[in-house]
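Remarks on the structure that follows.
The values are calculated or read from the model by the stated rules, or taken from the named source; none is laboratory data. Predicted, not measured: the structure shown is a model, and the values here were computed from it. All Cβ positions, glycine included, derive from the backbone under ideal geometry; neighbour counts span all protein chains shown.
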Amino acid sequence: MKGIILYKSKYGATKQYADWIAERTGFSCIKTDDADTKEITGYDVIILGGGIYASGIAGLSFLKKNIGKLKDKKIIVFCCGASPYEPNSYEAVVQHNLKGELAGIPCFYCRGTFDMKEMTFKDRTLCKMLRKAVSKKNPEDYEIWEKALMAVGENEKGNWIDRSYIEPIIEAIG
């Protein structure tokens, strides 16, 4: 079985998971931005990973654009986020991203990192605005992602990358 791992990683968590999957499987590993559709069609298994930003999975546009050429392939998606896994939030991300021709593609969640100092100016500004809005709520009413956002201070770093998150992905490869 010949496979490839495509990833789009803004702050390194997705790349780390892609590297660990490549280590375990022997599959090639490249950025989605560097992926050549003609080359990708030569693989039996395609794993795509991306961070979650505003409910979208980074890099998924590659699959959307090329799904017609990849329908006969085994496709697996994984997404990375800073929040703890929460079934309803995760299902909302899956429903938002894997619809139409992408519906039914297995998707897995891997927890990533959060570091305001490493963020782009735009991301940092958006996070600060979001933190300000969330801070006006009663902490007892926070959703799980809001608790995670508020738990990591503006100058702190949260790193929840863990190899155990790749196990279900490895099992799904078969």
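Report yes if V94 is at pLDDT 85 or above, under 16 Å from the mean Cα position of the chain (by Cα), under 22 Å from V45 (Cβ atoms) and not in a strand (DSSP E or B), otherwise no.
Working: at pLDDT 85 or above: yes; under 16 Å from the mean Cα position of the chain (by Cα): yes; under 22 Å from V45 (Cβ atoms): yes; not in a strand (DSSP E or B): yes.
So V94 passes the test.
Listed here are the residues, each with its yes/no results for (1) closer than 20 Å to I169 by Cβ; (2) in contact (Cβ under 8 Å) with a residue 24 or more places away in the chain.
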site	(1), (2)
I47	yes, yes
Y53	no, yes
G59	yes, yes
N88	no, no
V93	yes, yes
K99	no, no
P106	yes, yes
R111	yes, yes
E118	no, yes
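Kindly provide the set of residues from the range 1-45 that are in contact (Cβ under 8 Å) with a residue 40 or more places away in the chain and within 14 Å of I170 (Cβ to Cβ), ordered by number. First the steps, then the outcome.
In the first step, residues of the range 1-45 are kept if they are in contact (Cβ under 8 Å) with a residue 40 or more places away in the chain; the result is 1-14, 16-17, 20-21, 24-25, 42-45.
Listed by number, the residues that qualify are M1, G3, I5, Y17, W20, I21, R24, T25, V45.
Per-residue answers, yes or no, for (1) part of a helix (DSSP H, G or I); (2) at pLDDT below 95; (3) among the charged types (D, E, K, R); (4) surrounded by fewer than 13 Cβ atoms within 10 Å (Cβ to Cβ):
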site: E140; (1), (2), (3), (4): yes, yes, yes, yes
site: W145; (1), (2), (3), (4): yes, yes, no, no
site: A148; (1), (2), (3), (4): yes, yes, no, no
site: G153; (1), (2), (3), (4): no, yes, no, yes
site: G158; (1), (2), (3), (4): no, yes, no, no
site: I166; (1), (2), (3), (4): yes, no, no, no
site: I169; (1), (2), (3), (4): yes, no, no, no
site: A172; (1), (2), (3), (4): yes, no, no, no
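Exactly one of these conditions fails for Y85: (1) in a loop (DSSP other than H, G, I, E, B); (2) surrounded by 16 or more Cβ atoms within 10 Å (Cβ to Cβ); (3) aromatic (F, W, Y). Give me its number.
Y85 satisfies every listed condition except (2).
Looking only at the range 134-151, count every residue that is of a type in the set (G, A, S) and more than 18 Å from the chain's Cα centre (by Cα) and tell me the total.
Initially, the range 134-151 is screened for residues of a type in the set (G, A, S), giving 135, 148, 151.
Then drop every residue that is not more than 18 Å from the chain's Cα centre (by Cα), which leaves 135, 151.
Qualifying residue count for the region: 2.
If you check K99, K10, K15, which single one turns out to be more than 28 Å from M150 (Cα to Cα) and surrounded by fewer than 20 Cβ atoms within 10 Å (Cβ to Cβ)?
Every option except K99 fails the conditions.
Would it be correct to say that I30 is modelled with pLDDT of 95 or more, surrounded by fewer than 21 Cβ atoms within 10 Å (Cβ to Cβ) and touching a Leu at 6+ places or on another chain (Cβ under 9 Å)?
On the way: modelled with pLDDT of 95 or more: yes; surrounded by fewer than 21 Cβ atoms within 10 Å (Cβ to Cβ): yes; touching a Leu at 6+ places or on another chain (Cβ under 9 Å): yes.
Considered against the rule, which asks whether it is modelled with pLDDT of 95 or more, surrounded by fewer than 21 Cβ atoms within 10 Å (Cβ to Cβ) and touching a Leu at 6+ places or on another chain (Cβ under 9 Å), I30 comes out as yes.
Hey, could you check the range 71-82 for residues that are modelled with pLDDT under 95 and buried (at least 17 other Cβ atoms within 10 Å of the Cβ) and say which is farthest from I47 (Cα to Cα)? Working first, answer last.
Of all residues in the range 71-82, those modelled with pLDDT under 95 come to 71-72, 81-82.
Remaining after also requiring buried (at least 17 other Cβ atoms within 10 Å of the Cβ): 81-82.
On the way: G81: 17, A82: 21 Å.
Looking at the filtered set, the residue picked out is A82.
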